[in-house]
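Please read the structure below before turning to the comments.
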2 protein chains.
Amino acid sequence: MVNDLITHINKFVRLTEAESEEIIAAVKTVSVKKKGFLLQPGETCRANYFVGKGCMRLYFINRNGQEQITMFGIENWWITDYSSLETGKPSSYYLQAIEDSEVISLDKKALDDLLVKVPKMERYFRLILQKAFTATMRRLEYFRDQTDEERYRHFVSLFPGFVQRIPQYMLASYLGFTPQFLSKIRGKKSGSPHKSE
Amino acid sequence: MVNDLITHINKFVRLTEAESEEIIAAVKTVSVKKKGFLLQPGETCRANYFVGKGCMRLYFINRNGQEQITMFGIENWWITDYSSLETGKPSSYYLQAIEDSEVISLDKKALDDLLVKVPKMERYFRLILQKAFTATMRRLEYFRDQTDEERYRHFVSLFPGFVQRIPQYMLASYLGFTPQFLSKIRGKKSGSPHKSE
């Protein structure tokens with residue numbers, strides 16, 4: 001599974017054999033059972049996690065007492081609470097496995113050391129974060145500029161396989177509507193992806 | 001003004017004299033009159049911009065024909081369309097000055113060269129993007145978990161001076177409600193910042 005990480009990094013920067021070995025020495029593999037947690041509110045986030053197998057979700061409990069999903073992490077995605085990881089302050093998020101998962105954990109101290117030993121990792125994470133930032137900006141625009149149904153159909157068109165993997169109520173929580181609404185639009189024929197008003 | 005940039009970078013990494021000089025040689029200063037554009041839809045975004053003085057906004061025209069503001073850039077903020085800058089594909093955004101502004105332009109080619117000559121800049125931009133990413137994620141959460149009035153009051157508490165600087169309709173466009181609604185809540189006494197249901 002560590003090989004998947006090396007392959008992923010090599011898509012963004014070109015690692016030497018020695019650099020790959022530094023990375024392999026810096027990470028550890030962690031198994032998380034379905035519903036298991038890597039982080040809970042009040043704890044400080046200690047690592048960045050690369051999903052090798054399975055699926056994770058980052059969520060918090062909003063003031064209506066509902067789970068609000070901020071981020072999913074599937075194979076080849078990094079997932080963490082960057083704010084808590086960087087500042088050392090307690091997190092307000094849960095990081096939980098949706099399926100039995102295998103993740104590669106890069107602990108804060110190992111990460112800091114690795115960025116010094118293998119400076120290319122700065123570039124790698126810069127490019128990853130640039131993608132994450134623009135994707136989140138786009139997601140924010142969609143929240144304002146698409147109807148709920150359009151947002152659902154757009155998401156399905158981007159990640160058709162993923163939609164089949166996760167419980168319906170989690171998809172609703174991520175996209176910002178009720179499970180009942182999701183059932184209703186799933187019940188319809190595919191319809192026009194751009195139907196509005 | 002280039003000194004403001006060097007000071008800003010030094011908050012995140014420690015530059016040598018030689019590195020500072022490389023950065024100074026790589027950038028250029030650009031004056032933009034109020035309402036002037038650095039980018040318009042259909043053009044490829046050619047640079048990342050650091051605002052030295054004034055205020056910029058990144059926006060697009062949504063399908064209702066309205067300006068939707070994605071990002072503001074005031075003093076000491078970087079602003080660009082990272083997606084177009086990275087991929088070379090045409091942008092769908094306008095990057096416009098709200099006030100007479102002075103910006104430092106780091107053109108794509110100069111940026112790419114600089115990242116090789118001064119690898120610390122990879123770290124600097126990684127940290128900047130990490131902050132931008134977490135701030136955008138938080139903004140997305142607020143869009144879903146706060147009422148319009150709460151979102152307004154929260155924004156004012158975070159950026160009190162900024163709110164005075166920009167036209168009311170632009171603030172409404174950024175926060176996602178109508179100028180009429182903004183007038184209404186501005187007319188009220190300060191009220192409770194957490195009033196709900």
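The values are calculated or read from the model by the stated rules, or taken from the named source; none is laboratory data. Here the structure is a predicted model, which means the values were calculated and not measured. Here Cβ is always computed from backbone atoms with ideal geometry, including for glycine, and neighbour counts include all displayed protein chains. In case anyone asks, the SASA skips ligands and DNA or RNA and just uses the protein heavy atoms, side chains included. Shrake-Rupley method; radii C 1.70, N 1.55, O 1.52, S 1.80 Å.
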Go through (1) at the interface with another protein chain (Cβ under 10 Å from one of its Cβ atoms); (2) outside any loop (DSSP other than H, G, I, E, B); (3) more than 24 Å from residue B:83 (Cα to Cα) one by one and return the number of the condition residue A:63 breaks.
(2)
Listed residues B:143, B:125, B:37; which is hydrophobic (A, V, I, L, M, F, W, C), at pLDDT 95 or above and surrounded by fewer than 18 Cβ atoms within 10 Å (Cβ to Cβ)?
B:37
Given the conditions (1) closer than 19 Å to residue B:137 by Cα; (2) surrounded by 15 or more Cβ atoms within 10 Å (Cβ to Cβ), report the number of the one that residue A:63 does not fulfil.
(2)
Please find, among A:91, A:105, the residue that is among the polar types (S, T, N, Q), surrounded by fewer than 20 Cβ atoms within 10 Å (Cβ to Cβ) and modelled with pLDDT of 95 or more.
A:105
Inspect segment A:76-87 for any residue being within 13 Å of chain B (Cβ to nearest Cβ), under 23 Å from residue A:171 (Cβ atoms), modelled with pLDDT under 95 and open to solvent by 20 Å² or more (accessible area, probe 1.4 Å) and give the result as yes or no.
no
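Having 2 or more residues that are under 15 Å from residue A:39 (Cα atoms) and either without any contact (Cβ under 8 Å) to a residue 40 or more places away in the chain or under 16 Å from the mean Cα position of the chain (by Cα) (or both) is the bar; report the helices (runs of 4 or more DSSP H) wholly within segment A:82-168 that clear it.
A:82-87
Can you tell me which residues in segment B:5-34 are open to solvent by 60 Å² or more (accessible area, probe 1.4 Å) and outside any strand (DSSP E or B)?
B:7, B:11, B:14, B:16, B:17, B:18, B:21, B:22, B:24, B:25, B:33, B:34
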Taking residue B:92, is it more than 25 Å from residue B:159 (Cβ to Cβ) and either within 13 Å of another protein chain (Cβ to nearest Cβ) or among the polar types (S, T, N, Q) (or both)?
yes
